[in-house]
Amino acid sequence: MSNLSVVGLQWGDEGKGKIIDYLAGRYDAVARFNGGSNAGHTVVIGGMKHTFHLIPSGALKGKELLVGAAVALDPVVMGEELSLLPDDVRRRLLVDGRCGVVSPVDKDFDRMLEEMRGQSAIGTTRRGIGPSYALRALRLTPRVSDLVDGFDFGPLTDFYRKLSLDPAGLISWAEDSKKLLRDMVGNVSSRVAEITEKGGSVLFEGSQGTLLDLMHGSYPYVTSTHTTASYIPSALGIPPSMAGSALGVTKCYATRVGGGPFPTEITGPLADSIRSLGKEYGATTGRPRRVGWLDLVALKYAIALNGATEIAVSKLDVLSQVKDFRVCTSYRYQGKLTTDFQSALGHLDEVEPVYDSPLSIHGASFAGGIPDEISKLIDYLEERLKVRVSLVSHGEERSETIEV
Ligand code: GDP
Ligand code: IMO
Ligand code: MG
């Protein structure tokens, strides 16, 4: 089996965690490659809900767990997360020494920047991820290996003070972080290469979604790093030839949490009903997620950017309980129709979605496998998107995933 990446094709929260948990059994290791504790990946087993922020979502499948160099690592969150998981998770975990860390002051910095933006706030998770990556680019962020070896906090504390941020407490935080991290630091690039060269395989876990990508998403309403499969080689420090293929995850509708344009957004009773049926509240912040119809214009762009050869479609149980079913097939802008998402990115808040109601999935039941209505939907999506639908998800439980 070759390596595979699992990435979000929308605005995050597509159900990546559930799909990674489902697939993890076939791989030797699961490696997180981007983002930080802004991510919240949910796995539900026998009614027990587990939310992963930094620990790879293969944790409950007994797999080796890798956290690559491009992850913004918050030691406090990692410590809290580990305390909720069985002891063996810690022993299976390897964190790359080159990961930049997120300090408590970065969270204050995040809040300060959001307050500064006022009406045009991004609606960040306030987890300090943006500031940590920005300080990394300024070469001020300590890496995990720096915390373990001893770090000169002078320049960083001076910088924080200049911004009227309070760096008190940084030294004791660094001491606690060192104790937590010292036994798990290593080289994830070498480990991925070693597994792959011995004929094993690694599942790469993406966080956020393609439309939140720092370069290729709805800037400035995006996250602070790259979110597509094409980032994997440089993020993990492996050759492109080792990245394998990409599986994209999408809901059968769309959600977004935080600010920014959302062409297919719906509001009112129908949106409230989908939010409630789909429990659309942020796994990290608990914020209600904005809800809308599936946007095939955006999805096509995301599939192309990731080079995804297959997709997983989640939340089919949710729309099966809703009478209306629509998908956006093009945008109208200044009287003209377009299906080119990239060219619409500059005025995404002004486009008018054009919908198709290709079929009804209302009342579809998964008791006997994939129902006819869903088979028709799969055919429709495969035809429109020119990609294979390899998995469908029809509930939050681990068991509620079907291979097509
Ligand atoms: P991720 O960030 O992409 O891993 O997704 P999240 O975990 O943040 O959000 C997905 C939410 O939907 C979680 O609460 C999952 O338990 C849940 N979920 C995933 N797939 C399905 C599905 O097919 N049906 C339903 N009803 N819930 C799902
Ligand atoms: P997972 O991995 C959904 C969003 C925030 C905000 C923007 C910037 O669970 O899919 P940030 O804190 O990253 O600076 O916030 O990005 N965002 C997410 N939305 N799922 C996520 O991760 C997200 N991570 C960040 O809501 O709009
Ligand atoms: Mg999430």
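Worth pointing out:
- Residues within segment 16-51 that are within 8 Å of ligand 1 (Cβ to nearest atom) and either over 21 Å from GLY244 (Cα atoms) or hydroxyl-bearing (Ser, Thr, Tyr) (or both), tallied: 8
- Set SER37, SER57, SER83: member being more than 30 Å from GLY259 (Cα to Cα) and of a type outside the set (Val, Ile, Thr): SER83
- Filter result for TYR219 (crowded, with 19+ Cβ neighbours inside 10 Å and hydroxyl-bearing (Ser, Thr, Tyr)): no
Yes/no matrix, rows are residues, columns are (1) surrounded by fewer than 14 Cβ atoms within 10 Å (Cβ to Cβ); (2) touching a residue at least 24 places away in the same chain (Cβ under 8 Å); (3) under 25 Å from the mean Cα position of the chain (by Cα):
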residue: GLY123; (1), (2), (3): no, yes, yes
residue: ARG139; (1), (2), (3): yes, no, no
residue: ASP149; (1), (2), (3): yes, no, no
residue: PHE153; (1), (2), (3): no, no, no
residue: TYR160; (1), (2), (3): no, yes, no
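- Taking the criterion of being surrounded by fewer than 19 Cβ atoms within 10 Å (Cβ to Cβ) and either within 19 Å of LEU211 (Cβ to Cβ) or within 15 Å of ligand 3 (Cβ to nearest atom) (or both), no residue of segment 311-323 qualifies.
- Where a residue in segment 30-49 is within 10 Å of ligand 2 (Cβ to nearest atom) and its partner, wherever it lies, is modelled with pLDDT under 95, with Cβ under 6 Å and at least six apart: GLY40/ALA283; GLY40/THR284; THR42/ALA283
Table: residues versus (1) touching a residue at least 12 places away in the same chain (Cβ under 8 Å); (2) part of a loop (DSSP other than H, G, I, E, B); (3) closer than 17 Å to LEU9 by Cβ.
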| site | (1), (2), (3) |
| --- | --- |
| LYS323 | yes, yes, no |
| CYS328 | yes, no, yes |
| TYR331 | yes, no, no |
| ASP349 | yes, yes, no |
| TYR380 | yes, no, yes |
| VAL389 | yes, no, yes |
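- Spans of strands (runs of 3 or more DSSP E) in segment 220-316 with at least 2 residues touching a strand residue (DSSP E or B) at 6+ places or on another chain (Cβ under 7 Å) and within 12 Å of ligand 1 (Cβ to nearest atom): 245-251, 253-256, 308-314
- Matching residues in segment 61-78 - criterion: being touching an Asp or Glu at 6+ places or on another chain (Cβ under 9 Å) and either within 13 Å of ligand 1 (Cβ to nearest atom) or β-branched (Val, Ile, Thr) (or both): VAL67, VAL71, VAL76
- Set side by side, the residues LEU377, LEU385 differ, and just one is closer than 20 Å to LYS323 by Cβ and assigned by TED's automatic domain parsing to the domain that holds ARG326, which is LEU377.
- Number of the exception - ARG332 against (1) in contact with a strand residue (DSSP E or B) (Cβ under 8 Å, 6 or more places away or on another chain); (2) of a type in the set (D, E, K, R); (3) surrounded by 14 or more Cβ atoms within 10 Å (Cβ to Cβ): (3)
- Each residue in segment 9-66 was checked for being over 26 Å from LYS300 (Cα atoms), surrounded by fewer than 24 Cβ atoms within 10 Å (Cβ to Cβ), away from ligand 3 (no atom under 16 Å from the Cβ) and of a type in the set (A, V, I, L, M, F, W, C), and 3 pass.
- THR141 vs. criteria outside any helix (DSSP H, G or I), within 16 Å of ligand 3 (Cβ to nearest atom) and outside the structural domain of ALA24 (by TED's automatic domain parsing): no
- The requirement of being over 22 Å from ASP21 (Cβ atoms), among the polar types (S, T, N, Q), more than 16 Å from ligand 1 (Cβ to nearest atom) and outside the structural domain of GLU115 (by TED's automatic domain parsing) is not satisfied by SER172.
- Beta carbons closer than 7 Å, at least 6 apart along the sequence or on distinct chains, pair a first residue in segment 262-290 that is over 30 Å from SER330 (Cβ atoms) and in the same structural domain as SER314 (by TED's automatic domain parsing) with a second that is within 16 Å of ligand 3 (Cβ to nearest atom) and acidic (Asp, Glu) for ALA283/ASP13.
- The residues of segment 278-309 that are surrounded by fewer than 17 Cβ atoms within 10 Å (Cβ to Cβ) and away from ligand 2 (no atom under 12 Å from the Cβ), listed by number, are LYS279, ALA304, GLY307, THR309.
The values are calculated or read from the model by the stated rules, or taken from the named source; none is laboratory data. All values reported here derive from a predicted model rather than from experimental measurement. Neighbour counts run over all protein chains shown; Cβ positions are idealised from the backbone, glycine included.
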